[in-house]
Amino acid sequence: MDKVSSRHVSWVDLEDPTEDEVKELARKQPIHPLVQKELVTPTYRPKIEEYEDHLYLVLHFPVFDKKTNATFSREIDFIIFPYNLVTIHYDPIPQLDDFQQFLAGHEAVRERSFGGNSGHLLYTIVSRLFLLSLKELEAIEGRIKNLEEDIFDKKVHKVLTGIADVRRDLLNFRRALKPQRAVLDSLVEHGGRFFGKDAVPYFNDIKGEYTQIWNEVEDLQETLDILYETHVSLVSANTNDVTKILTIMASLFLPATLIATVYGMNFTNIPFMNEENGFWIIVGFMLVVVCGIYRYFKYRRWL
């Protein structure tokens, strides 16, 4: 349990709490029994609930994992009292831990970030995490630009792997963000009632940041889909070219193969078989047939 405090507000953070840790926390803060029950296990859908003396908010954030080089959805539960904020998460979120440690070591920034009540601190934390999400999307945009170059360099395997990785990250972004629109709309209403009208602009700003991130995800998804279609078209065109060349080669040499097969039969009275220059006559005939077919293909503009 990590705690950071300013003159007016305190922030407690827990990672994957046990039932005993939740009970200990409830002895210090009047947490509703229903909330205590939900804190023991993750909640897979975002939501907001208002109780007599606190709010319970569940949000999911896309977080980049440096070990796996991928983005995953991470849950954060917020228990919001007027001057105390408790955050609980069930997986490591280094970005959140680093931010809390940074605030612990910088008093001036801490006082400004915490503000006069926990509503301002909630706004600071959520805005910080959304800002990190935007930076992750910028990194994904860079990867998409690299994929565009690889597509026209015909790096087929690399492109397919890259598109799959980016699609996975964008899918995790969408999975984390999409269900939260209604919850953030409700946060404006509940937060305004809990903290007063002065807090409403801050919660509206959170909605605006969410919308910005969502629009960016949609744009990147659309760009990736177009690149994938372009890649498929180029691969298909290349495959068709190869198939065309192989078909033409087979068509050119099929008559020669047929002639050679006929002359390979065990008969005695085959034309030119007993001629002194029979071999060269047959080879010359084959070449004439191949050249004739070639000129016909050129005439029909198949070559």
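Some points to look at:
- Per-region count, segment 111-129, residues buried (at least 22 other Cβ atoms within 10 Å of the Cβ) and of a type in the set (Gly, Ala, Ser): 3
- Members of segment 19-54 found to be closer than 15 Å to Leu85 by Cβ and among the basic types (Lys, Arg), listed by number: Lys28
- Residues that are of a type in the set (A, V, I, L, M), closer than 13 Å to Leu59 by Cβ and in contact (Cβ under 8 Å) with a residue 40 or more places away in the chain, drawn from segment 175-224: Ala176, Leu177, Val183, Leu187, Ile206, Ile213
- Set Ile79, Ile48: member being closer than 28 Å to Leu170 by Cα, modelled with pLDDT of 85 or more and of a type in the set (Val, Ile, Thr): Ile48
This table checks each residue for (1) touching a helix residue (DSSP H, G or I) at 6+ places or on another chain (Cβ under 8 Å); (2) of a type outside the set (Val, Ile, Thr); (3) not assigned by TED's automatic domain parsing to the domain that holds Gly196.
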position: Lys23; (1), (2), (3): yes, yes, no
position: Lys28; (1), (2), (3): no, yes, no
position: His32; (1), (2), (3): no, yes, no
position: Gln36; (1), (2), (3): yes, yes, no
position: Leu39; (1), (2), (3): yes, yes, no
position: Pro42; (1), (2), (3): no, yes, no
position: Glu49; (1), (2), (3): yes, yes, no
position: Asp53; (1), (2), (3): no, yes, no
position: Val63; (1), (2), (3): yes, no, no
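- Matching strands (runs of 3 or more DSSP E) fully within segment 1-70 where at least 2 residues are buried (at least 16 other Cβ atoms within 10 Å of the Cβ) and either among the aromatic types (Phe, Trp, Tyr) or without any contact (Cβ under 8 Å) to a residue 60 or more places away in the chain (or both): 55-65
The values are calculated or read from the model by the stated rules, or taken from the named source; none is laboratory data. This is a predicted model, so every value here is computed, not measured. Quick reminder, even Gly has a Cβ in these numbers, built from the backbone with ideal geometry, and neighbours come from all protein chains shown.
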